[in-house]
Amino acid sequence: MTHPPIRPRDRFLVFGAPQVGEAEIAEVVDTLRGGWWGTGPKAAEFERRFAAYVGGTHAVALGSCTAALHLSMLAAGIKPGDEVITTPLTFCATVNAIVHAGATPVLADVDPVTMNIDPEAIAARITPRTRALVVVHFAGRPCDMDAITALVAHHDLLLIEDCAHAIETTVAGRHAGTFGDFGAFSFYVTKNVSTGEGGMVIARDETAADRIRVLGLHGMSQDAWKRYGDEGYRHYDVVAAGFKSNMMDLQASIGLHQLARVEENWERRRAIWRRYDEAFADLPLTLPAAPAPDTRHGLHLYTLLVDPDVAPLGRDAFLDAMTRQGIGTGVQYRSIPEHPFYRERFGWHPDEWPHATTIGEQTVSIPLSAVLSDGDVADVIAATRRVLGA
Ligand SMILES: *Cc1c(COP(=O)(O)O)cnc(C)c1O
């Protein structure tokens, strides 16, 4: 099929493009020249500044959010036979981390309006084997933390917050990631703060944070920085069969300056968000729900629901048409039970989670990066309207 673009952009607009400043370029060069590329003083400084930003106590910088989720569960003693409840509307890593911890994932459907895990659906899935809850603050919108923390307290569960979308998110002034036992953050390229690849755990308990640090670096009792520091060689003991999930100073060099712009970039995304809200108000689409009172939305993803019964085309045709207009898009996410691995392993069928399934069939994320120019935003709006025949 050939549908020539009506007015092609001369440059394809990449979805989730990172914003790079001169400060992180200079810092990376400084690290490269300094000779200490691995986990060292810059990773430690990034931990301190990140903990200060979110108001958390113990921060451990890691190689990914996936590692942050996995190691949190191991540090908490989650084991085979335990059930861990999470959302079907998430990135596969959330569920894979539960599987890698040896536990059994259990899905609780989302609220169709907020797209976040529904506390009533969680309550219905709790059994005597439920040990933990992994909530995802979807798109940056906080979950219903009053209801969730009440459930956690009542059933004596562990609470892990997947904050991959939610660095800036707050509820009553308190940051996402500090409500439970662990908050797991992502610095993947498309995320609001990026280190290329990277993650962070905020842990309430110091012993758990120390355990994550050890598990993230081969299970060695002292980290490599100390091992090769200027105090001379020191033996280390291996105290666990650990993993390789540490963050390098090279990555932290980027993160330090990305974090310094986190608020400025959130303001920029808010301006883009408002333009989208106004520009799409008359279109046959469902736009993101307005934020709940006394909360701050992280504004990570601007999602459109394309319902084929209402719009002139379906979601997948919409994606293709946007590509032809030169606009990159994302799908966050087809629901977890749509994927063959989970169906085969757990016998799941999408019909059991109707809200996540419908959202997964209709959702499209359009560009929302702080790097977008006003012209880029105008192009996204024009393309969206054109594709819908408006
Ligand atoms: C990106 C993402 C992850 C994984 O983050 P990595 O840093 O790439 O491991 C986990 N959960 C959600 C909801 C995500 O969006």
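General observations
- Heavy atoms of ASP210: accessible area, 1.4 Å probe, square angstrom to 10: 80 Å²
- Distant-in-sequence amide contacts of LEU158, defined by a placed amide H-H separation under 5 Å and a gap of 5 or more residues or a different chain, comprise ALA132, LEU133.
- Two-decimal Rg/Rh across the stretch 111-238, once Rg and the Kirkwood Rh are taken from alpha-carbon atoms: 1.07
- Highest mean packing comes first when the peptides 157-166, 88-97 are listed by Cβ atoms within 10 Å, giving 157-166, 88-97.
- Choice from ALA240, ALA43, ALA76 showing the highest fluctuation, given a GNM over the chain with Cα pairs closer than 10 Å: ALA240
- For GLU45, the accessible area of its heavy atoms, probed at 1.4 Å with every protein chain present, is near 50 square angstrom.
- Relative to its residue count, the stretch 38-107 spans a Cα convex hull of 107 Å³ per residue.
- For the chain: accessible area per residue (Å², 1.4 Å): 43 Å²
- For the stretch 44-183, relative contact order (Cα pairs under 8 Å, six or more residues apart, normalised by length) works out to 21 percent.
- For the stretch 110-179, the Cα gyration tensor yields ellipsoid semi-axes of 20, 13, 10 Å (square root of five times each eigenvalue, largest first, whole Å).
- Surface composition of the stretch 1-112: carbon plus sulfur atoms hold 61% of the accessible area, using a 1.4 angstrom probe and ignoring ligands, DNA and RNA.
- Taking N as its residue count, the alpha carbon Rg of the stretch 235-382 over 2.2 N^0.38 Å: 1.35
- Cα-based helix-to-principal-axis angle, 249-260 vs the chain, degrees rounded to 10: 50 degrees
- Accessible area (Å², 1.4 Å probe, nearest 10) - HIS349: 90 Å²
- Total lysine pairs whose alpha carbons fall under 21 Å of each other in the chain (8 or more apart, or interchain): 5
- Scalar couplings 3J(HN,Hα) for the stretch 303-311, obtained by applying the Karplus form with A = 6.51, B = -1.76, C = 1.60 to θ = phi - 60°, are 9, 10, 9, 9, 8, x, 7, 10, 7 Hz; x denotes Gly and Pro.
- In this structure the amide hydrogen of VAL189, modeled in the peptide plane, comes within under 5 Å of the amide hydrogens of GLY196, none closer than 5 places in sequence on its chain.
- Largest-first ordering by accessible area, 1.4 Å probe, given options LYS244, LYS42: LYS244, LYS42
- Expected-Rg normalisation [2.2 N^0.38 Å, Cα atoms] applied to the chain: 1.01
- Coordinate range along principal axes, alpha carbons of the stretch 243-282, Å, largest first: 50, 24, 10
- Solvent exposure ordering (accessible area, 1.4 Å, most first) of ASP374, ASP249, ASP277: ASP374, ASP277, ASP249
The values are calculated or read from the model by the stated rules, or taken from the named source; none is laboratory data. If you're wondering where the values come from, they're calculated on a predicted model, not measured in any experiment. Reconstructed Cβ throughout: ideal geometry from the backbone, glycine too, with neighbour counts over all protein chains shown. Side chains are part of the model used for accessible areas, which takes the heavy atoms of the whole protein and leaves out ligands, DNA and RNA. Shrake-Rupley method; radii C 1.70, N 1.55, O 1.52, S 1.80 Å.
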